[in-house]
Structures are given as structure tokens and as C-alpha cells.
1. Residues of the range 118-142 being over 25 Å from the mean Cα position of the chain (by Cα) and either surrounded by 10 or more Cβ atoms within 10 Å (Cβ to Cβ) or in contact (Cβ under 8 Å) with a residue 24 or more places away in the chain (or both), which ones?
2. Residue 98 - would you say it is farther than 27 Å from residue 119 by Cα and exposed (fewer than 13 other Cβ atoms within 10 Å of the Cβ)?
3. Just to confirm my filter: which helices (runs of 4 or more DSSP H) fall fully inside the range 100-173 and include at least 2 residues that are among the basic types (Lys, Arg) and not assigned by TED's automatic domain parsing to the domain that holds residue 53?
4. Of all the residues that make up the range 27-57, how many are of a type in the set (Lys, Arg) and not in a loop (DSSP other than H, G, I, E, B)?
5. Test each condition in (1) without any contact (Cβ under 8 Å) to a residue 40 or more places away in the chain; (2) under 20 Å from residue 103 (Cβ atoms) for residue 4 and report the one that comes out false.
6. When you go through 105, 174 one by one, which is the residue that is surrounded by 13 or more Cβ atoms within 10 Å (Cβ to Cβ) and of a type outside the set (A, V, I, L, M)?
7. Does residue 93 satisfy the criteria of being surrounded by 10 or more Cβ atoms within 10 Å (Cβ to Cβ) and not assigned by TED's automatic domain parsing to the domain that holds residue 49?
8. Name the residues in the range 51-78 that are exposed (fewer than 15 other Cβ atoms within 10 Å of the Cβ) and β-branched (Val, Ile, Thr), would you?
Amino acid sequence: MMNRYPLWKYLLIVFTIAVAAVYSLPNLFGETPAVQVSTNRQAIIINEQTQSKVDAALQNAGIQTDGMFVVDNSLKVRFKDTETQLKARDVIENTLGEGYITALNLLADSPEWMAKIKANPMFLGLDLRGGVHFTMQVDMKAAMQKTFERYSGDIRRELRREKIRSGTVRQAGNSL
């Protein structure tokens, strides 16, 4: 029995599957904790001097890194675990001082050759990572005061509408 399609179509399918496999591989390597140092001031440039300053400070503090590099005016420093990452952030903030933004980050742990061919992992959004939890607190004293003001306005308005003469509405403790 003969093939239904020409050889080039089969080769194209094999090539497409191979490219898809290479570009999906970075998702298998996971992520590593890192600290990212950037700046919000145009006068400050992050370069090799900043890198050597951070490296010296981390060595003095006895903190081991898994490498650091400067990309797009930001310094990224990798660590083995999140505990080391947190200690390093404090050391870096104290070393660099004002004008620098120090943030915790997760970097792709894929090999360098994959990054060179732009084979980056898909990063999950906050909704897929577990979301963000907010704690909201209410200023009860201010909320109660606003409620009493609203009630006193309602009472005055009702009394006027019913044409009932009255004095002023005052708050006394937790009553009107």
C-alpha cells in the first residue's frame, strides 16, 4: 500500500512536534528563588559594579548564591532556598540603600541554552498559584460615628417631613 501524503508533509509534522517538545521542556525544570534589584531613578545604573558590591556584601554575610547576572538594568541573584533568599534580601537592602528596589522573585531554572533560543517556561498567574490574601480591618469607632451621623440626618429629615417640631438630635454614648 502506498503513502497517501508526500514525504515532505510527514517531515513537517515531525519537525513541528520536535520544536514543540523543545519549547515545552523549560516547564519541567521548575523555578528557583531569587532576589531582583532594580531602580526607579534614571540616574542610577545597575551594572557590574553593583553586582560586585552585592557579591561582596553577601560573601561577608556568609550567604551562598547560585549565580547572579545583570539583565535590562536589573540584577538577579539566585539562591538554593527561600530562607537564604529572605536573608539575602535584607543584606542587599542594607548594602545598597536608597534608590534601589529589592524584590523577591522566582526565576526559571532551565538551562542557559534554552534561554538563548527564547524557550522560556509559562509562568502561572496569581490565580493559579493560590491567589492573593488580603486582611481588611475596619476602624469601628469611625464606622460607628458615620452611622450615628447618618441616623441623625435621617431622623431630622423624617421629623421635618412629618412636620413635627423638635430640638436638635444629639449623640449620647451609643444612642441618639
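The values are calculated or read from the model by the stated rules, or taken from the named source; none is laboratory data. What you are looking at is a predicted structure, and each value in this text was computed from that prediction instead of being measured. Note that each Cβ is placed from the backbone with ideal geometry, even for glycine, and that neighbours are counted across all protein chains shown.
1. Selection gives nothing.
2. yes
3. Counting at least 2 such residues, we get 140-161.
4. 1
5. (2)
6. Details: 174 fails: surrounded by 13 or more Cβ atoms within 10 Å (Cβ to Cβ).
Answer to the check: 105.
7. Here the answer is no, as residue 93 does not meet what is asked.
8. Scanning the range 51-78 gives a single hit, 71.
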